[in-house]
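Asker: Here's a structure for you.
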Amino acid sequence: MKIIIIAISILAFSLQGCKDSKDSTAIVTQDKPISDLSIYNLPSQWTNQDGKNIELKSLKGNVLVMVMIYTTCKAACPRLVADMRNIESRLNKNNKKNVKLILVSIDPETDTPEKLKAFAIANKMENDPWLFLRSTEENTREFAAVLAVNYKKISPVEFSHSNIISVFNPDGELIYQQEGLGVNNDKTVDRINMEAEKIK
Amino acid sequence: MQKSFFIIILFLAHIGMIRAQESKMVPIKEGSFVPLYGATVKNPIVVKPFFIDVYPVTNREFLSFLKKNPSYNKSKIKAIYADKSYLSYWKTDFDFGSANPKAPVTNVSWFAARKYCECQEKRLPTMDEWEYVAMADEKKIDARTKSEFNKYILSWYEKSKTYENSIGGTFKNYWGVYDMHGLVWEWTADFNSIFLSGESRKDKSEDKNLFCGGASVNATDLMDYAAFMRYAFRGSLKAQYSTRNLGFRCASTKKQ
């Protein structure tokens, strides 16, 4: 009899699986709930160039300008970084405090916080509004999927990756993407300024 | 009293058996191969030992996942995780309608597929793992040069609505895995690592400009048109997309 009960409970237990993880929106205490299209739905944890852990959600309320790169990249990334710097230089001074320019590593194995920090210093990007982020391979793959950025490691030191700069509104919704290298940044800059101006 | 217990046990054991059968995994031994596309170098890629589901995930299995994870229901899933075609053939949140319970679940986004595997303590196979398993026919680990094998795959691409068929109806390959070809296309963990010319949403002559690392199409075997189709299809996907002929199965690094 006992055995039967144990057997049932084991079977019943084995039929249970992973339960819905706690809805990430529930934790947020900000006035507005996170919209369905927001990147703040992503539960992933990130580390910045100072080795501090941050959640994407902590960036809520800012206009985000994001690009995915890796610091050892010789070909396209320097040009992408130049594009980002060009965008930064053209932001309205009054609203600049509402904008974060973020470089996300697609090579978290190599791009340790120390490496990111060194890269930031070398590129004069160590202060606000610049931010460098890295996470696990898994989270990075997911984040790229959200941004529709493709990338692949093609050798120990080289990646192929799409060159896309993405703009997010304060709710974390993707509002604009600029594709390609050395393209005209005008529209991107306009969208960022327009969006940043709305923030009180 | 004893009798009813016995019946319950039988019933649960039966469910257990069905589940065990459907989500069964087999080991894949370490090996190396030269993928047909997606690599810039022709060096063989080493695939570490892993485990893969014998069958794609079925409608029935996906339903039981949804019951435990209602936030992935078609009415509740967040737009960032799936587009509007998500589970479009399902009647309601918990009803796949007239669809075959043993047919592969399709119209699932990459996010949902990934979550499903995560909940089984598994993961999606990488593209290299998937291709490695998929190059086997009944007898050989690598049957890619066999014309019969390629003809079989290509003839499937011409058939319609194979997604309505039950799992396990195609051939059992060298590893004991079914339905790698002949049923549905499948998500892989790194589907978004494809670089074919034409991958880009801006398919222009300066396409090379778009990629750090340059042009990446090096077909090691142009004869394998079938593989080209798969890679091109993956290259056209976004993680929120879902289509009627795209399902998935899970893999695992460790034994379950």
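Asker: Quick check: is even one residue across the stretch A:165-177 in contact with a Cys (Cβ under 7 Å, 6 or more places away or on another chain) and among the hydroxyl-bearing types (Ser, Thr, Tyr)?
Answerer: No.
Asker: Same structure again: Please verify whether the stretch B:115-129 includes one or more residues that are on the phi > 0 side of the Ramachandran plot, in contact (Cβ under 8 Å) with a residue 24 or more places away in the chain and polar (S, T, N, Q).
Answerer: Within the stretch B:115-129, not a single residue is on the phi > 0 side of the Ramachandran plot, in contact (Cβ under 8 Å) with a residue 24 or more places away in the chain and polar (S, T, N, Q).
Asker: Still on this model: Could you look through the stretch B:231-256, keep only residues that are within 20 Å of B:ARG144 (Cβ to Cβ) and at pLDDT 85 or above, and pick out the one that is nearest to the other protein chains (Cβ to nearest Cβ)?
Answerer: This residue is B:ARG234.
Asker: All but one of (1) surrounded by fewer than 20 Cβ atoms within 10 Å (Cβ to Cβ); (2) modelled with pLDDT under 95 hold for B:ARG144; which doesn't?
Answerer: B:ARG144 satisfies all of (1) surrounded by fewer than 20 Cβ atoms within 10 Å (Cβ to Cβ); (2) modelled with pLDDT under 95 except (1).
Asker: What is the residue count in the stretch A:95-120 for residues that are outside any helix (DSSP H, G or I), polar (S, T, N, Q) and within 17 Å of A:ASN169 (Cα to Cα)?
Answerer: Going through the stretch A:95-120 one residue at a time, the tally reaches 1.
Asker: Condition first: among the hydroxyl-bearing types (Ser, Thr, Tyr) and in a loop (DSSP other than H, G, I, E, B). Now tell me which residues in the stretch B:171-192 satisfy that.
Answerer: Hits for the stretch B:171-192 are B:TYR174, B:THR188.
Asker: What pairs can you find where one residue is in the stretch B:56-67 and among the basic types (Lys, Arg), the other is modelled with pLDDT of 95 or more, and their Cβ atoms are less than 6 Å apart, with a gap of 6+ or different chains?
Answerer: Cβ pairs passing all conditions: B:ARG60/B:PRO101.
Asker: Exactly one of these conditions fails for A:LYS200: (1) at pLDDT 90 or above; (2) part of a loop (DSSP other than H, G, I, E, B); (3) of a type in the set (Lys, Arg). Give me its number.
Answerer: Unmet for A:LYS200, out of (1) at pLDDT 90 or above; (2) part of a loop (DSSP other than H, G, I, E, B); (3) of a type in the set (Lys, Arg): (1).
Asker: Continuing with the same structure: Would you check if B:ALA113 is closer than 21 Å to B:GLY182 by Cα, modelled with pLDDT of 95 or more and not in a loop (DSSP other than H, G, I, E, B)? Let's see the steps before the verdict.
Answerer: On the way: closer than 21 Å to B:GLY182 by Cα: yes; modelled with pLDDT of 95 or more: yes; not in a loop (DSSP other than H, G, I, E, B): yes.
Yes; evaluated as a whole, the condition is true for this residue.
Asker: For B:TYR157, are the conditions met, namely being surrounded by 14 or more Cβ atoms within 10 Å (Cβ to Cβ), touching a residue at least 12 places away in the same chain (Cβ under 8 Å) and assigned to a loop (DSSP other than H, G, I, E, B)?
Answerer: no
Asker: Tell me, which residue of the stretch B:43-90 that is small (Gly, Ala, Ser) and assigned to a helix (DSSP H, G or I) is surrounded by the fewest Cβ atoms within 10 Å (Cβ to Cβ)?
Answerer: Checking each candidate, the answer is B:SER71.
Asker: Right, another one. Looking only at the stretch B:116-125, filter to residues that are facing chain A (nearest Cβ under 9 Å) and in a loop (DSSP other than H, G, I, E, B); which one of those is surrounded by the most Cβ atoms within 10 Å (Cβ to Cβ)?
Answerer: Step by step, filter the stretch B:116-125, then rank; the result is B:GLN120.
Asker: While we're on this one: Of all residues in the stretch A:121-179, which are of a type in the set (D, E, K, R), more than 7 Å from every other protein chain (Cβ to nearest Cβ) and assigned to a helix (DSSP H, G or I)?
Answerer: Scanning the stretch A:121-179 gives A:GLU137, A:GLU138, A:GLU142.
Asker: Which of the residues spanning the stretch B:59-96 are basic (Lys, Arg) and closer than 24 Å to B:GLU121 by Cβ?
Answerer: B:ARG60, B:LYS67, B:LYS68, B:LYS76, B:LYS78
The values are calculated or read from the model by the stated rules, or taken from the named source; none is laboratory data. Just so it is clear, the structure is predicted and the values come from calculations on it, not from any experiment. With ideal geometry, Cβ positions are generated from the backbone for all residues, glycine too; neighbour counts draw on all protein chains shown.
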